[in-house]
1. Can you name the residue in region 101-138 that is surrounded by 14 or more Cβ atoms within 10 Å (Cβ to Cβ), more than 24 Å from E73 (Cα to Cα) and hydrophobic (A, V, I, L, M, F, W, C) and, of all such residues, is nearest to the chain's Cα centre (by Cα)?
2. Going through region 50-84 one residue at a time, which ones are of a type in the set (D, E) and open to solvent by less than 70 Å² (accessible area, probe 1.4 Å)?
3. Among the listed residues V47, V34, V24, which satisfies the condition of being open to solvent by less than 70 Å² (accessible area, probe 1.4 Å) and under 17 Å from A123 (Cα atoms)?
Amino acid sequence: MTKKAESPQRIDLDDVEDLMEADVPIKHPSTGAVVGTIRLMGPENPVRRRLMFARIDRMNADAIAGVHPSAAESFDLLSDDLADITAGWDFTKGGQPLPFSRQAAAELYSDPKRGWIRAQVVAARDNRERFIGTSANG
């Protein structure tokens, strides 16, 4: 006798929603210990969407004009894009809280000694499930 497949539990769509921001724990590359937290704007955040649309429009205009960024320019553009969607952080540097600003974020993401942070932020940015949560109804 074959076993009847169990039907998945149904979830009410009103119980799940996109988050506008999410905290991303940043882990030490060797030990895995959390060294700080970065708050990123989610894909449905209106500011992030506006920035994304502007970037796409710029890339399309550049492509039509035959302009293609170099690898170094692409690296800088990614650092700027990450800084634009970073809403804050909680880090310590030199025993003191590291002040957050968009400029400080761009510098952090461009720092060749901090590529491990940049890689984790890129992975978090591209993980849509990180920005889905339970609604107030759920």
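1. So, considering only residues that are surrounded by 14 or more Cβ atoms within 10 Å (Cβ to Cβ), more than 24 Å from E73 (Cα to Cα) and hydrophobic (A, V, I, L, M, F, W, C), the one nearest to the chain's Cα centre (by Cα) is F131.
2. Residues of region 50-84 of a type in the set (D, E): 57, 62, 73, 76, 80-81, 84.
Result: D62, D80, D81, D84.
3. V24
Residue-wise test of (1) under 22 Å from G133 (Cα atoms); (2) in contact with a strand residue (DSSP E or B) (Cβ under 9 Å, 6 or more places away or on another chain).
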residue: P8; (1), (2): yes, no
residue: V16; (1), (2): yes, yes
residue: H28; (1), (2): no, yes
residue: G32; (1), (2): no, no
residue: E44; (1), (2): yes, yes
residue: R58; (1), (2): no, no
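The values are calculated or read from the model by the stated rules, or taken from the named source; none is laboratory data. Since we're looking at a predicted model, the values are computed, not measured. Here Cβ is always computed from backbone atoms with ideal geometry, including for glycine, and neighbour counts include all displayed protein chains. Protein only, heavy atoms only, side chains kept; ligands, DNA and RNA dropped before computing areas. Shrake-Rupley method; radii C 1.70, N 1.55, O 1.52, S 1.80 Å.
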